[in-house]
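**Student:** Take this structure first; my questions come after.
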Amino acid sequence: MAIKYVHTNIVAKDWSSLARFYIEVFDCKPVYPERDLSGGWIDKITNIDDVRIKGIHLSLSGYEDGPTLEIFQYEPENLRNNTTHINEQGYTHIAFQVDDVEKVLAKLLEHGGKKYGELVRKEYDSIGTLTVIYAEDPEGNIIEIQKWDK
């Protein structure tokens, strides 16, 4: 049996604005068509009556035909009222490897993101130096921005 990882989903308050953030900050590319999903088939998959889902898939930087970031907005909404924490059980963050952590962090801040933690440089004897920071997108989802130097 062949198994292939295909996408990670983020449920957004405003899918269009959040997609634009990932396009502008992390150089993701839209994979058209935009999605507008409704009907009995999607009700059955989601187990939500009369659901409507709008959004788009984004091709991740560094991949031409690889996994995508799927950004969807649901009607009816079920938005969280609490802050995401890096140590919560379950999925907590996505990570991007970049050439210049500080430059990408500045771009993230310019586009409505914010720092989650501090910028750190950590040397590992056998694998090199990691420059890394956790940050948040405009909707509070945690992103790791990292660079490895040998």
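The values are calculated or read from the model by the stated rules, or taken from the named source; none is laboratory data. On a predicted model such as this, the values are computed, not experimentally measured, just so you know. Glycine gets a Cβ as well: all are built from the backbone with ideal geometry, and neighbour counts include every protein chain shown. Accessible surface areas use protein heavy atoms only, side chains included; no ligands, DNA or RNA. Shrake-Rupley method; radii C 1.70, N 1.55, O 1.52, S 1.80 Å.
**Student:** What residues of the range 125-144 lie in the reach of a label at S17, counting those whose backbone N is under 19 Å from a point 7 Å from the Cα along Cα→Cβ?
**Tutor:** 136-143
**Student:** When all alpha-carbon pairs of the range 110-150 are counted, what percent fall beyond 15 Å?
**Tutor:** Looking at the range 110-150, the distances longer than 15 Å represent 46 percent of pairs.
**Student:** Could you name the lysines in cross-link range of K44, using Cα to Cα under 17 Å and dropping any fewer than eight places away on the same chain?
**Tutor:** Of all the lysines, those that pass the test against K44 - Cα under 17 Å, at least 8 places apart if same chain - are K54.
**Student:** On to the next question. Rounded to the nearest whole Å², what accessible area per residue is found for the chain with the 1.4 Å probe?
**Tutor:** Using a 1.4 Å probe on heavy atoms only, each residue of the chain averages 67 Å².
**Student:** When the dipole is taken about the Cα centre of the range 1-104, and only Lys, Arg (+1) and Asp, Glu (-1) are charged at their Cβ, what size is it in debye, to the nearest 20? Don't skip to the answer; put the middle values down first.
**Tutor:** Values: 10 positive and 17 negative charges, 35 e Å.
That gives a dipole near 160 debye.
**Student:** Count the net charge of all other residues whose Cβ sits under 13 Å from the Cβ of L79, scoring Lys and Arg as +1 and Asp and Glu as -1.
**Tutor:** Once positives and negatives cancel, what remains is -2.
**Student:** Under a Cβ-Cβ cut-off of 15 Å, what is the net charge of the residues other than P30 that fall near it, where Lys and Arg count +1 and Asp and Glu count -1?
**Tutor:** Neighbourhood net charge equals -3.
**Student:** Contact order normalised by length for the chain, with contacts defined as Cα pairs under 8 Å and 6 or more residues apart; what percent is it?
**Tutor:** Relative contact order comes out at 21 percent.
**Student:** Peptides 36-46, 83-93: what's the order by average Cβ count within 10 Å, highest mean first? Let's see the in-between values first.
**Tutor:** Details: 36-46: 11.5, 83-93: 9.8.
Sorting 36-46, 83-93 by mean packing, highest first, produces 36-46, 83-93.
**Student:** Hey, another quick one. So if R0 is 22 Å, what FRET efficiency would E88 and E118 give, r being the distance between their Cβ atoms, rounded to the nearest 0.05?
**Tutor:** The value I calculate is 0.65.
**Student:** Right, another one. Putting +1 on Lys and Arg Cβ atoms and -1 on Asp and Glu Cβ atoms, find which of V11, G112, S59 reaches farthest to the positive end of the dipole of the chain.
**Tutor:** Farthest along the dipole direction, towards plus: S59.
**Student:** Two decimals is fine: what's Rg over Rh for the chain, C-alpha atoms, Kirkwood radius as Rh?
**Tutor:** 1.00
**Student:** Quick one: P(r) of the range 37-102 from all Cα-Cα pairs, 10 Å bins, percents rounded to integers, in order of increasing distance.
**Tutor:** 16, 31, 38, 13, 2
**Student:** When the gyration tensor of the range 1-47 is built from Cα positions, what are the square roots of 5 times its three eigenvalues, in whole Å, from largest to smallest?
**Tutor:** Calculated on Cα positions only, the semi-axes equal 23, 18, 10 Å.
**Student:** Leaving out ligands, DNA and RNA, and with a 1.4 Å probe, what % of the accessible surface on the chain is carbon or sulfur?
**Tutor:** The computed percentage sits at 48.
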